[in-house]
Structure formats: C-alpha cells, structure tokens
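The values are calculated or read from the model by the stated rules, or taken from the named source; none is laboratory data. All of these numbers come straight from a predicted model, not from anything done at the bench. When we count neighbours, we look across all protein chains shown, and the Cβ atoms used for this are built from the backbone with ideal geometry, even at glycine.
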Amino acid sequence: MIKLPVNYLEIEEIYSNSLGKGMRSLAITAANPGEGCSTLAYALSKRSELDGKKTLLVEVNILHPELGDISGRQHTDWFPTAQSADANIMRTNDLNLDVLPAPCDSDVLRFRNIATMSKLIQHWLENYDAVIFDTSPVNARNRNNIPAETVCAMADGAVFMVMAGVTQQTQFKTALDRLTQNDVSLVGVVFNDYQNPMMVDEIYRETYRLDKWFPGTMEKVRRYIKRSSFFNIQL
C-alpha cells in the first residue's frame with residue numbers, strides 16, 4: 001500500500017469536505033480492486049488523527065486486505081459483539097489512530113448482518129471521534145466480501161475512488177447506481193491519476209516514433225518538452 005503525505009492539498013480538500021465538516025463516519029469505496037481505497041483511507045485517518053480526533057480505521061475489504069501492513073495482522077477473528085471486536089483493534093504508533101484489520105472468513109457472514117453492523121458502528125462512535133471504512137469494491141459480486149454499498153449506506157458519507165485511464169465508464173455507472181439505490185450519501189468522486197500519464201510524458205514518448213527520420217532533431221525536441229512549462233501543466 002502506498003502511503004500519501006497528509007499535507008497534500010488533495011487530501012486536505014477531501015478531509016475538509018467530509019470529516020472536517022463534522023462527519024464522524026466515512027467510507028472509501030471504488031468500482032474495482034486496486035483503485036487506491038486503502039491508500040486514501042489511511043491518509044484520511046492520519047489527517048484526522050493530526051486534527052486531534054481519536055480515529056479508528058476499519059478494514060472491510062475482504063477481497064484484497066492491505067491494512068495488515070500497518071497492524072501486523074492480515075485478518076482478525078471478529079465476532080458480532082463490540083467487546084470482542086475491540087479486543088482485535090490494533091494500536092498503532094500514533095497516539096490517536098487505531099486500526100481494525102479485515103475480519104477472517106468465518107466472521108464475514110455475521111458481519112453482513114445489518115443489525116450486527118449497526119451495533120458495532122454505534123459502539124465505535126461512542127469510543128472514537130471518527131471512524132473510517134476501507135471497503136471492498138462495489139462491483140465485486142458473488143465473492144466472500146462484505147457488500148460495499150451496505151457499509152457506505154451506514155456511514156455518514158462515502159468517497160468514490162476512480163482510477164483514471166483504467167476504470168471503464170460502464171463499471172463506474174454500475175457501481176454508482178448501486179450506491180444510489182442504497183441511499184448512500186456521496187461526498188464526492190476522487191480521480192486517481194497514478195496510472196494516468198501526464199501530457200508531457202505522452203508527448204515525450206511519441207517523439208521516439210520520429211527518431212529514424214530526425215534523430216538529432218528529436219533529441220532536442222525532447223529536451224525542450226521536458227523544460228517547457230506549457231507541456232508540464234497539470235491537468
């Protein structure tokens with residue numbers, strides 16, 4: 001999992017429009033795996049912790065759990081009572097940030113129970129200022145997962161991640177429809193540019209096609225492109 005610096009302006013904008021506005025529970029979700037939910041969830045948790053909030057980061061992403069890198073445990077033995085779930089919360093080196101890694105397979109069906117989930121969330125909100133959920137992909141159907149739309153609907157709000165240049169329009173619409181049908185309060189959509197090349201990189205790469213005709217000239221063009229403020233504009 002990539003760790004983003006919490007001083008990024010993008011993280012500040014997301015935080016200011018969700019937890020910074022008084023929301024106490026926030027779900028981070030996406031249409032497909034690998035769109036950056038865990039990275040954003042952890043960054044927002046750190047930002048919340050730095051704001052003085054006692055924060056709990058809960059991993060309900062059974063498909064690809066990643067928070068074990070932080071907590072040291074990939075899965076935990078959840079049980080549908082607040083007391084036993086608390087026993088598996090992992091204290092981090094941060095004073096006000098705790099992590100609850102993904103439940104083990106045997107507890108997934110129990111956690112799918114809405115009454116159980118409601119009880120746990122209520123218990124966590126009694127003990128934490130902010131609870132952030134790292135969910136499974138919305139479009140991950142018929143898998144051993146906890147439906148993302150269910151978790152998102154129970155949170156005060158949800159952030160929808162999209163991997164720019166990778167996520168297809170039909171995948172985005174299918175996931176968005178599921179969130180809407182479950183009355184999810186959508187804070188906003190965040191586009192992840194990690195796999196989306198900058199304009200300068202695309203133009204730079206295309207110049208190599210002309211090397212066999214203008215080898216010396218193209219090398220000069222590439223140096224100009226790299227230095228040009230116009231071609232390096234962030235879109």
Task: Complete set of residues in segment 115-134 that are outside any loop (DSSP other than H, G, I, E, B), in contact (Cβ under 8 Å) with a residue 24 or more places away in the chain and either acidic (Asp, Glu) or in contact with a Cys (Cβ under 7 Å, 6 or more places away or on another chain) (or both) - done: Asp134
Task: Ala27 being among the aliphatic types (A, V, I, L, M) and outside any helix (DSSP H, G or I) - done: yes
Open item on the list: Looking only at segment 163-193, how many residues end up being assigned to a loop (DSSP other than H, G, I, E, B) and of a type in the set (D, E, K, R)?
Closed with: 2
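Here's the yes/no breakdown for (1) in a strand (DSSP E or B); (2) at pLDDT below 75; (3) under 14 Å from the mean Cα position of the chain (by Cα):
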site: Asn7; (1), (2), (3): no, no, no
site: Ile14; (1), (2), (3): no, no, yes
site: Glu35; (1), (2), (3): no, no, yes
site: Leu56; (1), (2), (3): yes, no, no
site: Asp69; (1), (2), (3): no, yes, no
site: Pro80; (1), (2), (3): no, yes, no
site: Asn93; (1), (2), (3): no, yes, no
site: Ser106; (1), (2), (3): no, yes, no
